[in-house]
1. Determine which member of the set Gly191, Gly129 is open to solvent by less than 30 Å² (accessible area, probe 1.4 Å), out of contact with any Leu (no Cβ under 6 Å at 6 or more places or on another chain) and of a type in the set (Gly, Ala, Ser).
2. Identify the residue in segment 75-88 that is among the small types (Gly, Ala, Ser) and surrounded by fewer than 24 Cβ atoms within 10 Å (Cβ to Cβ) and, among all such residues, is farthest from the ligand (Cβ to nearest atom).
3. What's the total number of residues in segment 141-168 that are under 13 Å from the mean Cα position of the chain (by Cα) and either more than 14 Å from Glu418 (Cα to Cα) or of a type in the set (Ser, Thr, Tyr) (or both)?
4. For segment 404-427, give me each residue that is open to solvent by 20 Å² or more (accessible area, probe 1.4 Å) and more than 18 Å from the chain's Cα centre (by Cα).
5. How many residues does segment 60-74 contain that are within 12 Å of the ligand (Cβ to nearest atom) and either in contact with a Leu (Cβ under 9 Å, 6 or more places away or on another chain) or open to solvent by 40 Å² or more (accessible area, probe 1.4 Å) (or both)?
6. Can we say Leu91 is at pLDDT below 95 and in contact with a strand residue (DSSP E or B) (Cβ under 7 Å, 6 or more places away or on another chain)?
7. Starting from residues that are in a helix (DSSP H, G or I) and closer than 13 Å to Ala447 by Cβ, keep the ones in segment 194-207 and report whichever is most open to solvent (accessible area, probe 1.4 Å).
8. Could you say which residue among Thr204, Thr224 is among the polar types (S, T, N, Q) and closer than 30 Å to Glu55 by Cβ?
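The values are calculated or read from the model by the stated rules, or taken from the named source; none is laboratory data. Everything numeric here is computed off the predicted structure, so don't read it as measured data. Note: ideal-geometry Cβ built from the backbone for every residue, glycine included; neighbour counts use all protein chains shown. To get the accessible areas, we keep the full protein, side chains included, count just its heavy atoms, and leave off ligands, DNA and RNA. Shrake-Rupley method; radii C 1.70, N 1.55, O 1.52, S 1.80 Å.
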Amino acid sequence: MTTTDISTLATALRPVLGDAQVISDRQELRTYECDGLAQYRVVPALVALPRTAAECAATVRACVDAGVPFVARGSGTGLSGGALPHAEGVLIVTSQMRAIRAVRAEDERAVVEPGVINLHVSRAAAPFGYYYAPDPSSQQVCSIGGNVAENSGGAHCLKYGFTTNHVTGLEVVTPDGDLVRLGGPAPDAPGYDLLGAFVGSEGTLGITTEVTVRLTRSPESVRTLLAGFAGTDQAGAATSAIIAAGVLPAAIEMMDALAIEAAEAAVRCGYPAGAGAVLIVELDGPAAEVDAHFTDVERLCREHGAGEIRVAADDAERALIWKGRKSAFAAVGRISPDYIVQDGVIPRTALPEVLRRIAEISAQRGVRVANVFHAGDGNLHPLVLFDDAVPGQAEQAEEVSGAILDICIAHGGSITGEHGVGMDKVGHMPRMYSADDLDTMQLLRCAFDPRGLANPGKVFPTPRLCGEVPGRRRGAHPLQEAGLAEVF
Ligand SMILES: Cc1cc2nc3c(=O)[nH]c(=O)nc-3n(C[C@H](O)[C@H](O)[C@H](O)COP(=O)(O)OP(=O)(O)OC[C@H]3O[C@@H](n4cnc5c(N)ncnc54)[C@H](O)[C@@H]3O)c2cc1C
């Protein structure tokens, strides 16, 4: 793509979108050079800011006509480089498509544009006694379109499921530039589950321009406890026992000793002194059911070696319990100048064994790893600590981070629980899938996008990227520092 071609494309788009909606100035383009994974940076050739589905479709059609790749972007908080621009392509940013078109409590549905912020859906539904359940910790800033593309999760997805369980319909601009609908307000459309294929497709199957989401009734009662254990083995066993007893908490979160140390240093959350691990268990639902199950949870925690158990008496105490957990990632900055946020998932019952393996590798390589994670659904977020100022430490940390993903795969898990593959983990895809598996997935991609223009280079490996290890985060994410998001 030459500079002349891009300027021709810009000239074609300006009358359709408006001058201010097409950015070609090099300095302004830099604003969009990365997402939440800031070590990958690419300045896009052009940025388009459509305000309607028709404008978005027209932008994609212009790209197709010019043979130019395009990348969708919502709020740019993704942690795997999914919205990393293409140097010769157009970044199509949906952040100005922010209308909440309908909240229909009687149908338990809301219809929103893709740039709508996750938390704003719950705010709009609250007066009707409803909320939108998937709650990524970036929910104050991330967009519903990005959530759909990443199939995002959050602390309360244990009980309520991930984004895919809360989207019933989409309007999509296909990579040909056509506007189509997948699913609708009713569940379970007949035929192939193209809606299911689109959710989690990371911008490779088209751009969503409208999302119909399922709303969830706000619970009558919420109760939270904090339990201290000698170590992660006991806390992991308690987690499995709670689920095996038929109790489904809204959230079960675990922190190990190093993560507790960091949280204490940062926010003085007063977690049980000397604990090798803590569990936060939150139950919600009808008051009578929550009370009955809460008694079971307390008993099971004690039976699995919990020492101190603290029950939140009110919202303030509940917030204090969560404060340590929510601050944990940023807090790691208190005990290490740099760290990698890893995201893998394993069957819940493999937690004790996998945590032991991580501890072994950490000890063997002399690299500290703090564990803070969604224990209930086996979604690990190991934080691999290092000091970039010390030669060789960053590389060692990257090796440990990659080895942790290998352990997840070996235990029947996956290289990503909720942050996606994006650019960051394309090199790990062949470790998880055979060449035939990957080719089969490519058939689906090609059926949507035969020209390969939608977010090329993401999700699927090319030989250049095979064997690459994930990149590293230096210190807290700027959104965390600004108090706008927490890493869960
Ligand atoms: C501090 C912090 C905490 C986080 N916590 C969590 C968490 O708890 N759980 C979790 O799951 N994630 C978490 N994330 C990751 C991130 O917030 C989510 O992946 C989120 O869904 C990304 O939304 P976004 O609008 O920022 O998307 P972007 O980063 O802009 O894009 C993400 C992907 O979606 C695609 N995309 C964006 N919009 C569209 C569209 N309209 N149509 C098609 N494709 C599109 C992009 O091409 C890209 O591949 C966190 C991130 C940060 C920085």
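1. Criteria check complete, one pass: Gly129.
2. Ala87
3. 7
4. Asp406, Ile409, Ala410, His411, Gly412
5. 6
6. Numbers: at pLDDT below 95: no; in contact with a strand residue (DSSP E or B) (Cβ under 7 Å, 6 or more places away or on another chain): yes.
Considered against the rule, which asks whether it is at pLDDT below 95 and in contact with a strand residue (DSSP E or B) (Cβ under 7 Å, 6 or more places away or on another chain), Leu91 comes out as no.
7. Residues of segment 194-207 in a helix (DSSP H, G or I): 194-198.
Those still in the list that are closer than 13 Å to Ala447 by Cβ too: 194, 197-198.
Values: Leu194: 74, Ala197: 30, Phe198: 7 Å².
My answer is Leu194.
8. Details: Thr224 fails: closer than 30 Å to Glu55 by Cβ.
The match here is Thr204.
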